[in-house]
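S.K.: Okay, here's the structure, questions in a sec.
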């Protein structure tokens, strides 16, 4: 039996995006940012249409799309968890947080869950070294991040019980957070990943057991 043809991509959301900007090369990065926000990645069909409408060579469009780490040519999750791996965060245990996320999601950093809900990624530096280790969940900064804080942040953004930002040590502008309310126990099972192994201590950024 022959495979069914792929469903054509709906390009309708592209028209209002293009209408916001002048139809020339100067608008390219801004258009691509809006395209990524709409589709969670840069579909090939959309990039080709952008090149035509902005009168920019396709080669230049793809050069820009691959130059900036923010852009992705493959589908990304509706939610994004970004772990900073800059020097300050690395020495404070960012690698342990990456390992924790990989265990919970069953995938490597840089991948997206099969259901398209979550992408886990690393970046070189987010410029918030004083808060390290730093994890960004859907644009919200988790300072002095621990595995438990990251779990709570992901639970909150992916549809679990509403929590105020201060309850999980989250700040929306990268400011310092004292993590008020972190004495509450996190759920033993979260929808975005696997249940934590009860035999495995949850490590904090300094390599010690997280007892918050």
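The values are calculated or read from the model by the stated rules, or taken from the named source; none is laboratory data. All of these numbers come straight from a predicted model, not from anything done at the bench. Glycine gets a Cβ as well: all are built from the backbone with ideal geometry, and neighbour counts include every protein chain shown.
S.K.: Can you tell me which residue among 47, 96, 54, 118 is assigned by TED's automatic domain parsing to the domain that holds residue 157, at pLDDT 95 or above and touching a helix residue (DSSP H, G or I) at 6+ places or on another chain (Cβ under 8 Å)?
M.R.: Numbers: 47 fails: assigned by TED's automatic domain parsing to the domain that holds residue 157; 54 fails: assigned by TED's automatic domain parsing to the domain that holds residue 157; 118 fails: at pLDDT 95 or above.
Testing whether each residue is assigned by TED's automatic domain parsing to the domain that holds residue 157, at pLDDT 95 or above and touching a helix residue (DSSP H, G or I) at 6+ places or on another chain (Cβ under 8 Å) leaves just 96.
S.K.: Additional query: Which is crowded, with 22+ Cβ neighbours inside 10 Å and outside any strand (DSSP E or B), of 63, 100, 90?
M.R.: Residue meeting the stated conditions: 100.
S.K.: While we're looking at this one, here's another question. Within the range 12-30, track down each residue that is within 11 Å of residue 53 (Cα to Cα), without any contact (Cβ under 8 Å) to a residue 24 or more places away in the chain and part of a helix (DSSP H, G or I).
M.R.: 15, 19, listed by residue number.
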